C-alpha cells in the first residue's frame, strides 16, 4: 500500500494542496487536489501495450461533472449526470492541450486522464486545479511524460494583474486568461478579454509564467520524493534504412507538390508522391507500410519548414505576412433575421443570427456560476467542408471548442439586455475549411449580427497566426492554413476590435518562444485583423437601424411586482387569454419587468395596453367607461378595468336600471373604495367630467349623455 503524502504550496495567498497514496491507487498515478474548497480527484492511467492500428498518440482527457460538488441534484428526468456539458468538455480541452506535446514522439499507448470534481468553490478555479492535478498524477506515475506543467489564471482589475482571482475580482476583471506551461516555456493560453490592448496581453502571459515556474518546481520536489520509475516505452519510430530510402524517392518530387496553390490539388499531388514511394519499396519492406508512411510525413514536414525558413515561401506560395483573398457578404439568406458570408481563401463560413424572446435563453445545469446564456454561438463543421464523408452526428469536442472561442470573442460587444432585450443565437456553418475556420466564424458572425440590426458595441474580426522556428531564425506566419498548422510550431488565434483583444487561444509545441516573438505575433495579428475588418466594413459599416420584418418586436414594460398575479391570473388563465388573443409571447421577471415578443408592433402595443389596464389601479374620482357584468335588484356591477368591478346602486340609476343589460357600456365615476376594497360607482359625473362626457350643440347647450339619468 502506498504511503499517504500531503504537500502544500502557497500561491498569491491561496494554497494548492496535493494528496497522494489515499485514493484510486490502482491507476498509474492519482492525486487529490485541494485549491481552497475546490477539491478534485485526478487520475492518470495508461494501457500496457501500444494501441494497434493508429498513427497518433491516443490521449484522452475526461472531466466527469458531478453536481453534488455544488450541492445540487441534476435537473434531468433520471436525476443523474449524462453527457458531459460544454463546460466540462472545454475544461477537458484546455487540460489536453498543454499535456499532449510533452509525451515522447512515437508513444502509442493509450493514456486517459480522468478529472472528477468532488467539491467546487467558485473562488478557486477548477480548470487551473485540474491541469495541475493532471500534471502531478502523470509526473509521479510510471507513464513517460516530459513535465511537470503549471497553470494559473490571470485577471486584470483596475489596471493591475491578479493571479487566480476570486469571484468578486473575476466579475470586475477585464481579462480572464489561463496560461499553462513548463518552467522553460509557455505551452497554452486561453483568454477572453474586454478589448484589452496587445501589450497588456503579453504582460499577462509573462506574469502568469513567472508563477508557473514556482508550481513546476513544487511538483519536481514531489517527484523526487515519491515518483515511480518511468516505464520503458515502445516508441513507433521508422527504421533508419526506411527513412533513407523514402527520402531519396520522395524529396525530388515533393518540392513541386508542396508548392501547388490549391489545397485539394496539393493534397492529391502529395498523396500521389506517397503512392509512388509505396510502389517502389513495398516489396522490399513488406508489412511495414506504417513505417513508410511515418517516414514520408516526417520528410514532408522537414521540407515544408525548410522552404518557409530558407525562402520565406509558404505552401500556397504566399509570403509570411500575406493574407489570402477576403470577401464578405450580408443578407445572403432570405427570411432569417441576419446572415453573413465570410470567405478567406479556401475557408468559408456562413453565419446566421436569430433573435428570440427573453424566455429563449439557454438555462445551464452545471457546476459553474453561470445559470443561463443570453448570447449563444454554435459552430458546425460538416465533412463536406474538407471534401470528406463521415456520419453526421452531434457536435464533437472540436466543434464545441471552436463555438466557445467565437462566442467568447463576440460576447464583450453584445449590447446589454436593457438596450437590446433579445436572446441572440448565431450559428456558424463551415462550408469550406483550409485553416482557421473559428476565426472566420468570428468575422461571419459579426456580419450577421450587424445585418440583424443588433447594436453591437464594435465590430470584431479574427485571424490565426503561426510560427516556424529554426535554430537561429523564427518566421511568423499570418493567416495560417491547415498544413502550416499541422507542421508548424504554434497556432495562435486572436480576435478583437480596433481597440483591443476580446479572445485569444494559443498552443505552442516547442520551447524557446520568447516574449519578443509573442509581442511580434500579436502586433502582426492586430495589423491583419484591421485589414480583415476593413473588408468586413465595406460590406456593412454599422448595424442596421431596422430589424428584419421576420424578427420579433420586443416591448419592455415595468409593472408593480405585486401586480404580476393579476397578469398571470388563476392557473395562468389571464396571460393565456392575452397571448391567444394577440399572438404575442410574454415573459415576466420577478422584479416586475414584462417582455412582450410580438410578430409586429401593432399586436405588441395591443398586448401592452391590455397589461396596463390589468395592472392599473382604480382611483377615487376617476371616470371610466365600463361594461355591465351583472345586474341585481339593488343595482348593477360594472367592470371599470380588467378584473376590477364596482357597484352602481339602483337609486343612482333610477328608471334606467331596468333597461341595462349585461355587456352595455356605462360612464361611471368612482365615488368610494371602502376599507374592504369594494368599489362604489356613481353615474353622477362632476362638472369637468360632465363636459368630457357630453356633446355640445351649435348653441353650446349640452345634450344629456344617453347613459345618464335624465333630470
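One table, with the values for the structure above:
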| quantity | calculated |
| --- | --- |
| Residue 4 versus residue 288: modelled label distance in nm, points set 7 Å from Cα along the beta carbon direction | 5.4 nm |
| Linear extension gain, residue 393 paired with residue 515, 0.36 nm per residue minus alpha-carbon span | 39.8 nm |
| Sites residue 650 and residue 541, calculated FRET efficiency, Cβ-Cβ separation with R0 41 Å, nearest 0.05 | 0.05 |
| Overall dimensions of region 199-330 by Cα: Rg and Dmax, Å | 22.2, 62 |
| Angle between the chain longest axis and helix 240-257 axis [Cα atoms, degrees, rounded to 10] | 60 degrees |
| Whole-number percent relative contact order across region 420-556, with pairs defined as alpha carbons under 8 Å at least 6 apart | 27 percent |
| The chain - convex hull of the alpha-carbon atoms, volume per residue in Å³ | 220 Å³ |
| Å³ per residue enclosed by the Cα convex hull of region 5-226 | 143 Å³ |
| Inter-label distance, nm, simple model (7 Å from Cα along the C-beta direction), residue 317/residue 531 | 1.8 nm |
| Region 454-498: relative contact order in percent, alpha carbon pairs under 8 Å with at least 6 residues between | 48 percent |
| FRET efficiency for residue 674 and residue 371, using Cβ-Cβ distance with R0 set to 41 Å, rounded to 0.05 | 0.35 |
| Mean separation of Cα contacts under 8 Å, 6 or more apart, over the residue count of region 240-311: relative contact order % | 43 percent |
| D_trans [Stokes-Einstein, Kirkwood Rh over alpha-carbon pairs] for region 1-98, 25 °C, 0.890 mPa s, µm² s⁻¹ | 151 µm²/s |
| Rg over Rh [alpha-carbon atoms, Kirkwood Rh] for region 326-539 | 0.98 |
| Order of 116, 611 under a 10 Å beta carbon neighbour criterion, fewest first | 116, 611 |
| Added length on full extension, which subtracts the Cα-Cα distance from 0.36 nm per residue, residue 302 to residue 52 | 87.4 nm |
| DSSP beta bridge pairing in the chain, given as percent antiparallel to the nearest 5 | 90 percent |
| 15 Å reach of a label modelled at residue 664, 7 Å along Cα-to-Cβ, counting backbone N of region 621-651 | 626-639, 648-651 |
| Computed over region 240-311, the ratio Rg/Rh where both radii use C-alpha atoms and Rh is Kirkwood | 0.98 |
| Cα-based helix-to-principal-axis angle, 601-615 vs the chain, degrees rounded to 10 | 60 degrees |
| Calculated over region 435-488: convex hull of Cα atoms, volume per residue (Å³) | 66 Å³ |
| Equivalent ellipsoid, region 553-615 (semi-axes from 5 times Cα gyration tensor eigenvalues, Å) | 17, 13, 9 |
| Taking 376, 149 and counting other C-beta atoms within 10 Å, the order from fewest to most | 376, 149 |
| Rounded tilt (10° steps) of 515-539 against the dominant C-alpha axis of the chain | 50 degrees |
| Potential extension, residue 17-residue 276 segment - 0.36 nm per residue separation minus Cα distance | 87.6 nm |
| Cα-based Rg / Dmax (Å) for region 519-661 | 25.9, 94 |
| DSSP bridge pairs, region 8-120: antiparallel proportion in percent, nearest 5 | 85 percent |
| Estimated distance in nm for a label pair at residue 224 and residue 261, the labels positioned 7 Å out from Cα along Cα-to-Cβ | 5.9 nm |
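Where a number appears in this text, it was derived from the coordinates with a stated rule and is not lab data. Note that the structure is a prediction, hence the values are computed from the model and not measured. No Cβ is skipped: glycine too gets one built from the backbone with ideal geometry, and neighbour counts run over all protein chains shown.
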